[in-house]
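Data first, discussion second: the structure below is written as C-alpha cells.
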Amino acid sequence: MKVLILGSGVVGATTAYYLCREGHDVEVVERHSAAGMETSFGNAGGLCPSFAAPWAAPGMPIKVLKMALQADAPVRFSLWPEFERLRWTRRWLMECNAPRFRVNKLRMQRVAHYSLACLKQLMAETPIAFDFHAGGVLQLFQTVAECRYGDIAASALREFGIRHSVLNGRDALAVEPALRDATARIAGGLHLPSDASGDSHIFCQALTAWLQRAGVKFRFDTDVRRLLHEGGRVVGAETSGGILKGDATVVALGNQAPALLAPLGIKLPVYPLKGYSITARVTNADQAPNMSVMDEHNKVMISRLGNRIRAAGMAELVGHDLSLKAARKDVLVRAVRSLFPHGIDYANATFWTGLRPMTPDGPPILGVSGWGGLFLNSGHGSNGWTQACGTSRIVADLVCGRKPEIDLEGLTIERFRR
C-alpha cells in the first residue's frame, strides 16, 4: 500500500516508522528542509507518562486569570477577539471540572504509558541515539499549597497504579543532590521513577536517516496545499512539488492540520499554545540535575539531555505568533538558576519558542476522519513527545486494518461530533 504522511515532526516520523515496518511504500511530505523543525525542535524533552494530564483542570480558569495579572505570568492570552480562539476557549472551559478532568486524564494516561513502552521497543529495534535518560522525574513544590496539590496528585497516581514517592524537602535533596545549592525554598516533591527524557529533535533526525536507508521517501521543502478526494475518499494531496497520490493519507501536521482539513468539512478543535525553552551547556555535572525536574511553582520543566540542560514552560494563547520575547527567556533563566545556581552556562543559553497543538480537553485526536483513506494523528498538545510512538502505532494499526492494542474510547474525533 502507498501511504502519504503529511508532516515530519516526531508524530509524523514515528508514523512513518510503524508503517515502514509493515512493509508499506511510505512517502513523507514536510514544508521545512529537515525533520523535527517545529514543535519537536526545542520542547522540554520530558517523556513523562506519569505527568500526562489535561490543561483543562478544576480551578484552572481562575488560576489563569490571576496569573495573567502578574508581570512574569507563566500563562498569558491575547485579548484580540479571534473566532477560533474564542471557540476553543469555550470548549476548554466546559472541560475544567473534576469529572471531566478525571475522564480526560485517564484517556491520556492510557496513551502515554503505552507510548513509552512503544518507544522502548523502537529503541531495541533501531540503533538510533537521542540523549535518552531513564532517571525518572522529580516534581518540586515550594509552598504548602503546592504540597497539598502534590497530595492530590499522589492520590490520583495511586488510583492509576503509577509508581511514585511523596517527598519532604530533605527527601527531595536526597533524590537530586544538585539541589543542595538552591536559593528557592523546597517544601516537598513527588518522585516518578518510571518517567524519562530525551531530545525529540535529535530523535527525529536520527529516525529520519534510518527510515531513508530503509526506503522511506522524504519530500522536504514541500508545502501541502490541499487534499485531493474522489467521492468520499481522499486519494492524495496537491503540494508545491506536484500531485502526490496514495492509498492512505495520514495528517500529522500539528497546528497546520485544522486549516488543511476544513475544506473537507472536518472541524478539528486544535489551537496553538505557545511555549518557550532555553538550552544550556552543563559545565559541572555535579552541580547540574541528573534527572528531569518539574518546577511546579514556576511551571517549568527542566530536563537533562546529555551534556545539556533544557528548560521549557509558559503558555500563551496568542495564535500563531512565533516572536521571541527576551523577558520570557529571563523568566526561564531565573527559575532554573533558583534551583541550580551553578554548573550551567546560562550566559550562552539558546532561546526558542514553539506552538503546541492543543485540544480543549487534552487527549489527542487519532484514527479515522470520516473520509475513506484519511487518518488523523493530531492534537497532542504538550504531550507530543511523550505520546508520539503510541499514537503512531495506533494509527498505523488502523491504516493496516488492525484493531489497536489499546482502547480508542475518547481518542477519536467522534467525541467532538456529539
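The values are calculated or read from the model by the stated rules, or taken from the named source; none is laboratory data. Worth saying up front: this structure is predicted, and the values here are computed from it rather than measured. Glycine also receives a Cβ, built like all others from the backbone with ideal geometry; neighbour counts cover every protein chain displayed. Note: areas computed on protein heavy atoms with side chains; ligands, DNA, RNA excluded. Shrake-Rupley method; radii C 1.70, N 1.55, O 1.52, S 1.80 Å.
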*Quick one: which of Ala73, Ala34, Ala52 is free of Cβ contacts under 8 Å to residues at least 12 places away in the same chain and under 29 Å from Ser197 (Cβ atoms)?*
Ala73
*Residue within segment 74-93 that is assigned to a strand (DSSP E or B) and not charged (D, E, K, R) present*: yes
*What number of residues in segment 59-71 are more than 17 Å from Met358 (Cβ to Cβ), open to solvent by 70 Å² or more (accessible area, probe 1.4 Å) and at pLDDT 75 or above?*
3
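Yes/no per residue for (1) surrounded by 14 or more Cβ atoms within 10 Å (Cβ to Cβ); (2) aliphatic (A, V, I, L, M):
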{"position": "Ser200", "(1), (2)": "yes, no"}
{"position": "His229", "(1), (2)": "yes, no"}
{"position": "Pro263", "(1), (2)": "no, no"}
{"position": "Leu268", "(1), (2)": "yes, yes"}
{"position": "Gly275", "(1), (2)": "yes, no"}
{"position": "Asp286", "(1), (2)": "no, no"}
_Tell me whether segment 10-23 contains one or more residues that are part of a loop (DSSP other than H, G, I, E, B), out of contact with any Phe, Trp or Tyr (no Cβ under 8 Å at 6 or more places or on another chain), open to solvent by 10 Å² or more (accessible area, probe 1.4 Å) and touching a residue at least 60 places away in the same chain (Cβ under 8 Å)._
yes
*Where in segment 320-418 are there strands (runs of 3 or more DSSP E), lying wholly inside it, with at least 2 residues that are farther than 21 Å from Ala13 by Cβ and either open to solvent by 50 Å² or more (accessible area, probe 1.4 Å) or among the β-branched types (Val, Ile, Thr) (or both)?*
350-358
*asked:* Consider segment 121-173. How many of its residues are closer than 13 Å to Pro193 by Cβ and touching a Ser or Thr at 6+ places or on another chain (Cβ under 8 Å)?
replied: 9
*asked:* Any residue at all in segment 214-235 that's among the aromatic types (Phe, Trp, Tyr), over 30 Å from Pro193 (Cβ atoms) and either more than 24 Å from the chain's Cα centre (by Cα) or at pLDDT 95 or above (or both)?
replied: yes
*Could you tell me which residue of segment 233-261 is farthest from Arg356 (Cα to Cα), considering only residues that are open to solvent by less than 10 Å² (accessible area, probe 1.4 Å) and in a helix (DSSP H, G or I)?*
Leu261
_List pairs: first residue in segment 321-337 and closer than 11 Å to Ala311 by Cβ, second residue open to solvent by 60 Å² or more (accessible area, probe 1.4 Å) and of a type in the set (Val, Ile, Thr) anywhere in the structure, Cβ distance under 9 angstrom, at least six positions apart or on different chains._
Arg337/Thr183
*Filtered residues of segment 81-105 (kept if more than 18 Å from Pro357 (Cα to Cα) and touching a residue at least 60 places away in the same chain (Cβ under 8 Å))*: Met94, Arg100, Val103
*Candidates Ala184, Ala154, Ala129, Ala145, filtered to the one that is assigned to a helix (DSSP H, G or I) and either under 20 Å from Ala288 (Cα atoms) or out of contact with any His (no Cβ under 7 Å at 6 or more places or on another chain) (or both)*: Ala145
*For Leu106, are the conditions met, namely being under 30 Å from Met291 (Cα atoms), in a helix (DSSP H, G or I) and open to solvent by 40 Å² or more (accessible area, probe 1.4 Å)?*
yes
*asked:* Here is a check on your reading of the model: is Ser50 in a loop (DSSP other than H, G, I, E, B), touching a helix residue (DSSP H, G or I) at 6+ places or on another chain (Cβ under 8 Å) and among the hydroxyl-bearing types (Ser, Thr, Tyr)?
replied: no
*asked:* Val166 - would you say it is in contact with a strand residue (DSSP E or B) (Cβ under 7 Å, 6 or more places away or on another chain), of a type in the set (Val, Ile, Thr) and open to solvent by 40 Å² or more (accessible area, probe 1.4 Å)?
replied: yes
